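Inspection log for the structure reproduced underneath, given as structure tokens.
The values are calculated or read from the model by the stated rules, or taken from the named source; none is laboratory data. Nothing here was measured: the structure is a model prediction, and the numbers come from that model. Don't worry about glycine lacking a Cβ; one is built from the backbone with ideal geometry, like all the others, and counts go over all protein chains shown. When the accessible area is computed, the model is the full protein with side chains, heavy atoms only, and any ligands, DNA or RNA have been set aside. Shrake-Rupley method; radii C 1.70, N 1.55, O 1.52, S 1.80 Å.
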Amino acid sequence: MSLTTPRTGLTPRLFYRTLAIAEAVTWTLLIAGMLLKYAAGIDTPFGFAAGLAHGFVFIAYAATAVLVGINQRWGFPLIAGAVATAIVPYATVPFDRWLERTGRLEGSWRTEKSDDPRDRTVIDGLVRWMLRRPILLGTVFVIAVVGVVAGMLVAGPPSEWGA
């Protein structure tokens, strides 16, 4: 079973676009929480929840950009650029539209090795292997994102790291 079966329809384009839009939505929640806290002086659990949701989606978007970028053969600078768009509020959506216009989201998941020399790398082989096992890939993806977010929660705000 591949990730592009009619049952799921989860193409690289749909996966990337979903996370790009979710990143923009969580920016809105985070900004609203910050406005409540810092501009209105209202400290509510909403602010923490918005920050947690944004952090989770930020990490998921970054992981998605890497996975889709490897699948689509973007190259390191473009993958890094995709990840960096999550740092700027709402930048993931226009970047997604640009990827669409330039054909960088075309095609399905590459589950088989081709004659392309880029298919000979260890990372590409690992990604193809994982793509042929979508349940395992999804599980590893979620565990990795949750693990990073949990690690960040344990570490606390960067302002407290030097203390």
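About its Cα centre, what dipole magnitude does the chain give when the only charges are +1 on Lys and Arg Cβ and -1 on Asp and Glu Cβ, stated in debye to the nearest 20?
460 debye
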Query - region 92-153 shape via C-alpha gyration tensor axes, a/c threshold 1.5 - result: oblate
**Report entry** Nearest 10 degrees, 0 to 90: helix 92-101 Cα axis against the chain principal axis
**Finding:** 20 degrees
Report summary line: Contour minus Cα-Cα span, Ile21 to Trp129, at 0.36 nm per residue, comes to 36.1 nm
Query raised in the report: Which percent of the accessible area of region 99-163 is formed by carbon and sulfur heavy atoms (probe 1.4 angstrom)?
Result: 66 percent
Report summary line: Using alpha-carbon positions, the gyration tensor of region 48-155 gives root eigenvalues a ≥ b ≥ c; with a/c under 1.5 called rounded, otherwise prolate if a/b exceeds b/c, else oblate, the class is oblate
Report summary line: Carbon/sulfur accessible area of region 1-96, % of total, 1.4 Å probe, equals 78 percent
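What number comes out for accessible area per residue over region 20-137 if the probe is 1.4 Å? Units Å², please.
Accessible area per residue: 54 Å².
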Query raised in the report: Roughly what angle does helix 134-155 make with the longest principal axis of the chain, taking Cα atoms, 0 to 90 degrees, to the nearest 10?
Result: 30 degrees
**Report entry** Within a Gaussian network of the chain (alpha carbon springs, distance under 10 Å), most fluctuating of Ala62, Ala22, Ala49
**Finding:** Ala49
Requested in this report: Determine the shape class of region 33-95: with a ≥ b ≥ c the square roots of the Cα gyration tensor eigenvalues, call it rounded for a/c under 1.5, and otherwise prolate if a/b is greater than b/c, oblate otherwise.
Outcome: prolate
Report summary line: Between the residues Ala24, Ala49, Ala63, the Cα farthest towards the positive end of the dipole of the chain, that dipole coming from +1 and -1 charges on the beta-carbon of Lys, Arg, Asp and Glu, is from Ala63
Report task. Can you work out the PRE-style zone for Asp116? Point 7 Å along Cα to Cβ, and I want the residues of region 43-71 with backbone N under 16 Å. Result -> 66-71
